[in-house]
Each structure stands twice: as C-alpha cells, then as structure tokens.
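J.: Please see the structure below; I have some questions.
No value in this document is a laboratory result; all are computed from the given coordinates. Being a predicted model, the structure only gives us computed values, none of them experimental. Cβ placement follows ideal geometry from the backbone for every residue including glycine, while neighbour counts extend to all protein chains displayed.
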Amino acid sequence: MVADKRRILVTGGYGFIGGNFIRFLRDNFPEDYIVNIDKNGYASNKDYIKGLCNEEHTIDLKDSLFLENIFLKQDKFDYIFHFAAESHVDNSISGPSVFVESNVLGTQNLLECYRKINNGYGKFVHISTDEVYGHLRWNDPSFTEETPLSPRSPYAASKASSDLMCLSYIETFNLDISITRCCNNFGPNQHSEKFIPTIINALKDDKKIPVYGEGSNVREWIHVHDHNLAVWTVATTGKPGVYNIGSGNELTNLELVDILCKIFDKDMDHCVKFVEDRLGHDFRYSIDSTKIRSELIWEPLYNNIEEELREYVEYYLQKGR
Ligand code: NAD
C-alpha cells in the first residue's frame, strides 16, 4: 500500500477490533495521524496499541462537550472509523441502559461532530453487526443488505438504532457514511468474556466449557484481520450505504467447541457442560456478502478456520489476550 499522510479518527481503539484496526493502520500507513477516542472500559486493553497513536483521549462518547472539544482542537479528519460500542449481548440483557447511552447516544454525538465541526468533510464508517437483522432458521437464506432490521437483544437493538441514525444522516444531510455489518470475529486481543476465549480458558484450566442450550446455535466466524481489511476497503472505495461482511464459515457452537477440543487433544464429550440457554438466544446468523465482494475488491484471506484457530490458540497461550 502507498503511504499517504491522512488524519484518521478511530473510536473504540482500546477494544478488540478497533485495536487490531489501529495496528493495521500503523503497519500500512506509518505517516498517518491517528487519533483514538475510547472510554477505557472493562473490555479495553490500552497496551495492545501502546505508542501507535498520535493522540489518545479517554472520554465517553455520551459526553458531547468533551467530544466536541476534541473535534474543535483539530484540523478536519479525513476518515472517522466508529468501532466504540458496548458489545456483549449477555451484558445487554442484565443491564441495557449503558448500551443505549454508548451505542445510540454515543453514535449520535459523533455524527453531530462529523456533521457540524468536521463540516461533513471526509468519510465516516460505522462498524455494525449482522445481529441487527435478527436470526434465521436452518434453511433460511442468508441476510442481505436489504433484509429488514429485526433485532432481538438490547445489544442488537442499540446497534440497529445507531445504524438508522447513520442512514438518516446520509439521506437528510447527504453525508458520506458507510455502515458495515459483520459476522462474529475471532483473533488476538479479544476480551475473555467472549465465546472463543472462554472455551480456550476452560480447556487450558481443565474446566468444563459452558455451552448454551444444546449447542446447536449457528454463527458465522471471520478473522478480525479480514474484517478490518473489509472496513478499510469500504472506507476507501465504498459508497454511502450498507455493506455486509461475511466469511461463509458457519459453525454450530458445538462444532466450534469440537475444533478447539481437538487442538487441545481433548475429547469434547468430557469437556462440555450445557447451561441454561440465553434469553431470546438468536438461533442462526448467516451473511450474504456478495455486494462487497462484487462491487469492491475484497474477499477473506484467512479461509482455513481450523488453522487460524490453531494459530490463535498458540498466540493466546503465550500472550493471554
Ligand atoms: P469491545 O467491547 O472489545 O471494544 C469496544 C471498545 O469501545 C472498548 O474499548 C470500550 O471501552 C469502547 N467503548 C464502549 N462504549 C464507549 C463509549 N460510550 N465511549 C467511548 N468508548 C466506548 O468490542 P469489539 O468486539 O471490538 O467490537 C467493536 C465494534 O464492532 C462494535 O461496534 C461491535 O458492535 C462491532 N462488531 C463486533 C463483532 C465481534 O464479533 N466482536 C462483530 C460484528 C461487529
């Protein structure tokens, strides 16, 4: 890639995907000016991007005055990548309010800064999720960008609400905003609360792996590096509107557990404990990513999930998060 000095704002850069995105930017564009905004919440890991940003601001996006101040003190951003969000479905069931504050109000505040202080200049990419579409049965066709929004958890509802705010800003203010909706990510720097680190920790410590219901729920898994390359592709070549990002790697939760058990050379039957199902647990997600693959130049590069998971386990056992 050709280095070109640009001013780039990332929100949520202390989190799993945002942290990997900042590393991607720094690896490929050493000259760019990168600003990170993150509230440094429980899921954050500042060390993962230590020394990589030109500026870091620890603020909550719900605090509009602090956010405006950061924009007012800057030249305009060429790109704004909005990763920051409360992201764990279980937490949204036990305490939904912070999801509305961070994901809905936080996005709205950022959109206003982009519109009023950045004068609508530059590209805004809102990182969203396939969970906004609701869920599917076994044989239903995959979600396309045209699938109606039908979120089923407070997390998904807060993300769908923020997507709608972004879509409204495209229509009302004619702004260059793209929304990416990706499937489940795995890779370095993920918080231990998420499913794959939970499985690895249980296997490592000889504990039982908690699996919701019967383990038959289906998720589509993508490597975080593939997700981030797609986000960059959308930022640089995409049009306003929605782009689905998917890998095609659909696995039941038990199939995923089985792969990880084999990596640890353990028999799955002895490692799993089935626990009471999550309230309103979405059954299956499946993404149709034809649009990004055909209109833009992107396809996943990390296609062998068993090999990628083996590498990830090695990484995790050495480095932890
Ligand atoms: P994460 O929980 O690991 O990180 C989110 C980061 O955002 C944290 O560092 C947190 O402190 C910060 N944050 C949260 N609320 C904030 C606020 N109000 N103000 C400032 N910072 C705030 O999440 P992640 O897995 O990296 O997800 C990043 C984005 O990608 C989210 O928008 C999520 O909805 C989306 N997404 C995630 C996945 C996945 O599998 N993890 C899949 C598709 C989409």
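J.: Which of the GluC sites (Glu not before Pro) found in segment 191-270 are in a DSSP loop and have at most 14 neighbouring Cβ atoms, other than their own, within 10 Å?
T.: Working: sites: GLU193, GLU214, GLU220, GLU250, GLU255; in loops: GLU193, GLU214.
Of the GluC sites (Glu not before Pro), the ones in loops of segment 191-270 whose Cβ has at most 14 other Cβ atoms within 10 Å are GLU193, GLU214.
J.: For segment 140-245, just the Cα atoms, rotate onto the principal axes and tell me the three extents in Å, largest first.
T.: Projected onto the principal axes, the Cα atoms of segment 140-245 cover 55, 28, 24 Å.
J.: Please compute, for the alpha-carbon atoms of segment 208-262, the extent along each of the three principal axes and give them in descending order in Å.
T.: Here the Cα extents, ordered largest to smallest, are 45, 20, 17 Å.
J.: Sequence gap at least 6, Cα distance under 8 Å: using those rules, report the relative contact order of the chain to the nearest whole percent. Could the numbers behind the result be given before it?
T.: Working: 609 pairs, mean separation 56.0, N = 321.
Normalised by residue count, the contact order of the chain is 17 percent.
J.: Could you please rank ASP205, ASP282, placing first whichever residue has the fewest other Cβ atoms within 10 Å of its Cβ?
T.: Result, fewest neighbours first: ASP205, ASP282.
J.: Test of understanding: express the Cα radius of gyration of segment 243-295 as a ratio to 2.2 N^0.38 Å, with N the residue count. Kindly include the intermediate steps, with their values, before the conclusion.
T.: On the way: Rg = 15.5 Å, N = 53, 2.2 N^0.38 = 9.9 Å.
For segment 243-295, the normalised Cα radius of gyration comes out at 1.56.
J.: Any chance you could list P(r) for segment 1-106, counting all Cα-Cα pairs in 10 angstrom bins from zero, rounded to whole %?
T.: 15, 47, 30, 8, 1
J.: Gaussian network model of the chain, Cα springs within a sub-10 Å range: biggest mean-square fluctuation belongs to which of TYR14, TYR133, TYR121?
T.: For the chain, modelled as a Gaussian network with Cα springs under 10 Å, the answer is TYR121.
J.: Order these by the 10 Å Cβ neighbour count, fewest first: SER64, SER162.
T.: Details: SER64 16, SER162 27.
Sorted ascending by nearby Cβ count, the order is SER64, SER162.
J.: Hey, could you grab the Kirkwood Rh for segment 20-79? Inverse mean 1/r over distinct alpha carbon pairs, Å, one decimal. All intermediate terms of the calculation are to be shown ahead of the outcome.
T.: Details: mean 1/r = 0.0792 Å⁻¹.
After inverting the pairwise mean of 1/r, the radius is 12.6 Å.
J.: Arrange VAL10, VAL257 by Cβ neighbour counts within 10 Å, fewest through most, would you? Display every interim value, and only then the final one.
T.: Working: VAL10 29, VAL257 22.
Exposure proxy ranking, most exposed first: VAL257, VAL10.
J.: Restricted to Cα positions, what overall size does segment 42-197 have along the principal axes? Three whole-Å values, descending.
T.: 51, 39, 27
J.: Cα-based Rg (one decimal) and Dmax (whole number) for segment 189-287, in Å?
T.: 16.0, 50
J.: Calculate log10 I(q)/I(0) of the chain for q = 0.14, 0.16 Å⁻¹, where I(q) comes from the Debye formula with a single equal point scatterer on each Cα and nothing for solvent.
T.: Summing over Cα pairs of the chain leads to -1.11, -1.47.
J.: OK, next. Just the ratio, please: alpha-carbon radius of gyration of segment 182-237 over 2.2 N^0.38 Å, N its number of residues. Intermediate values should be presented prior to the final figure.
T.: Numbers: Rg = 14.4 Å, N = 56, 2.2 N^0.38 = 10.2 Å.
It is 1.42.
J.: Report Rg(Cα)/(2.2 N^0.38 Å) for segment 121-196, keeping two decimals.
T.: Working: Rg = 14.3 Å, N = 76, 2.2 N^0.38 = 11.4 Å.
In units of the globular-protein estimate, segment 121-196 measures up at 1.25.
J.: P(r) for segment 45-126, please, calculated from all Cα pair distances in 5 Å bins and given in %.
T.: 3, 13, 22, 23, 20, 13, 6, 2, 0
J.: Compare LEU175, LEU136, LEU111 in a GNM of the chain, Cα atoms joined below 10 Å, and give the one with the largest fluctuation.
T.: Highest fluctuation among the options: LEU136.
J.: Can I ask one more? Report, by chain and number, residues whose modeled amide H sits under 5 Å from the one on ILE209, excluding near sequence neighbours (fewer than 5 apart, same chain).
T.: So ILE209 has HN proximity to VAL272, LYS273.
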